[in-house]
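Single-structure report; data block below.
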Amino acid sequence: MSKFINQIFIALFILTNLIVSSLAQSWPDRNVRIINPFAVGAGSDLVARLIAEKLTLQYGKTFLVDNRPGGGAIIGTDAVAKSSPDGYTFLVGGSATHPANFSLYKSLPYDPVKDFTPVVFMVALHYYLVVAGDFHAHNIKELIFYAKNNPTKISYGTGNATSTIEAEMLNVATGNRFVQVNYKGNTLAALDVISGQVTTMFLDTSTAYPFLQSGKLRALAVAAVKRSEIFPNVQTTAEVGLPGISLAGWNAIWGPAKLAPSLVNNLNSAVNKSLLMPDVRLKLRELGFVIDGPGPRPDDLGEFVKSEINIWSHAVQQAKIDPQ
């Protein structure tokens, strides 16, 4: 009897694998949705649309970017966590949606590790401390001096968790108290820095790039351990006396938990193929992104997220931020 039961289990196992393999081979047979929990024009949105275009060409089905900003990126991220693992709903998120939010909130409606299937790491980007192009402070020392003499006038914009943590670390490091102004995305915050409604902010390279090129914004420092090859003349936070502020942003793709491994590997290969295309690499550089991450495999992303949670949790403690 036991031998017969074992044979049944083996047969069921083989049948399940055949079904999963068959589904992966026929996938996708309809359009695929990539949820972006940030506003149109944000860094993750630009990357998502670039890769979605290439995936559409590769698969012959539309990969549609669905923007769902708000709630600190929790709304859109949670929608993916609670979606069906059928291969037709994915998340383009990253440092803000996973390690940063885990560190900033006492509780989340999703678990950044258990509720997602890692698919592929895509790109990294740096954050620049920026002011308006015509602002009178031309370096960190002048900004700090202005803050100390105008405590009621100084403010910083935040469009995601990364910009929030780094700005709070700046508060602690300089002994100032910049007033926080929240936005639904870094692009909206940047526009108010340009207009003078907000004094400063830490802004991701992809959003900052055209404004820095045009002179509408001016970078006082880059939050990194080494200078960026994109703006090599901008000093690092360590060079200006703020060595602890060096968090980098990054973007990746996840599916909901329990996504079939064969399907994950299928999409992982397609995205990695897209990232190697010369026109994609050129465009990413123009947008301020670098293809520099933990590795190309789904497991690389999974392990990377766990390590990032520890790093960001420590940064939140350094910034003396009380989780909400």
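The values are calculated or read from the model by the stated rules, or taken from the named source; none is laboratory data. In this text the structure is predicted, and so the values were computed from the model without any measurement. Neighbour counts run over all protein chains shown; Cβ positions are idealised from the backbone, glycine included. In case anyone asks, the SASA skips ligands and DNA or RNA and just uses the protein heavy atoms, side chains included. Shrake-Rupley method; radii C 1.70, N 1.55, O 1.52, S 1.80 Å.
Annotations for the structure displayed:
- Net length gained if the chain between residue 139 and residue 31 were fully extended (0.36 nm per residue, minus Cα distance): 34.0 nm
- Packing-based ranking of 305-311, 147-153, 214-220 yields 214-220, 305-311, 147-153, ordered from highest to lowest mean Cβ neighbour count within 10 Å.
- Set of aspartates and glutamates with alpha-carbon distance to residue 153 below 20 Å, sequence-local pairs under 8 removed: 134, 142, 166, 168, 192
- Separation of the residue 272 and residue 235 label points, Cα + 7 Å toward Cβ, nm: 4.1 nm
- Lys/Arg +1, Asp/Glu -1 at C-beta; the chain dipole; positive extreme among 265, 196, 301: 265
- Close amide H partners of residue 34, meaning residues 5 or more places away or on another chain with modelled amide H under 5 Å apart, are 64, 65, 66, 90.
- Taking the Cα centre of the chain as origin and assigning +1 to Lys and Arg Cβ atoms and -1 to Asp and Glu Cβ atoms, the resulting dipole is close to 140 debye.
- Cross-link partners for residue 54 among the lysines, with Cα-Cα distance under 24 Å and sequence neighbours closer than 8 places in the same chain left out: 273, 283.
- Derived scalar couplings between HN and Hα for the stretch 142-153 equal 5, 5, 5, 4, 4, 5, 5, 8, 9, x, 8, 9 Hz in order, rounded to whole Hz, by the Karplus curve 6.51 cos²θ - 1.76 cosθ + 1.60 (θ = phi - 60°), x for Gly and Pro.
- Unsatisfied cross-links (Cα-Cα over 27 Å) in the set 82/306; 106/226; 61/82; 141/184; 82/320: 106/226; 141/184; 82/320
- Karplus 3J(HN,Hα) series, Hz, for the stretch 310-319 with 6.51 cos²θ - 1.76 cosθ + 1.60 (x for Gly, Pro): 5, 5, 6, 4, 5, 5, 5, 5, 4, 6
- Residues with amide H under 5 Å from that of residue 133, placed H, sequence gap 5 or more: 217, 218
- In order along the stretch 218-233, phi translates into HN-Hα couplings of 10, 8, 8, 5, 10, 7, 7, 7, 9, 5, 7, 5, 7, 10, x, 7 Hz, rounded to whole numbers, per the Karplus curve 6.51 cos²θ - 1.76 cosθ + 1.60 with θ = phi - 60° and x for Gly and Pro.
- Highest-first packing order for the peptide set 174-182, 265-273 is 265-273, 174-182, based on the mean count of other beta carbon atoms within 10 Å.
- Helix 186-195 axis, angle to the chain major axis (alpha carbon atoms, nearest 10°): 20 degrees
- Ranking 277, 169 by solvent-accessible area of protein heavy atoms (1.4 Å probe, all protein chains present), from largest to smallest, gives 277, 169.
- Degrees separating the helix 43-59 axis from the principal Cα axis of the chain, which is the longest one: 30 degrees
- A Förster radius of 25 Å combined with the Cβ-Cβ distance from residue 113 to residue 62 puts the calculated FRET efficiency at roughly 0.25.
- In the stretch 81-211, the C-alpha radius of gyration followed by the widest Cα-Cα span (Dmax) gives 17.1, 57 angstrom.
- With 20 Å bins from 0: P(r) over the chain, alpha-carbon pairs, percent: 32, 52, 13, 3, 0
- Note on residue 177 and residue 88: the model spin-label points, each 7 Å out from Cα along the C-beta direction, lie 5.3 nm apart.
- For the stretch 192-231, the mean projected area of the C-alpha convex hull, equal to one quarter of the hull surface, is 2.9 nm².
- Helix 2-26 and the longest principal axis of the Cα set of the chain meet at an angle near 50°.
- Only protein atoms count toward the accessible area here, which uses a 1.4 Å probe; on the chain, the carbon and sulfur part of that area reaches 57 percent.
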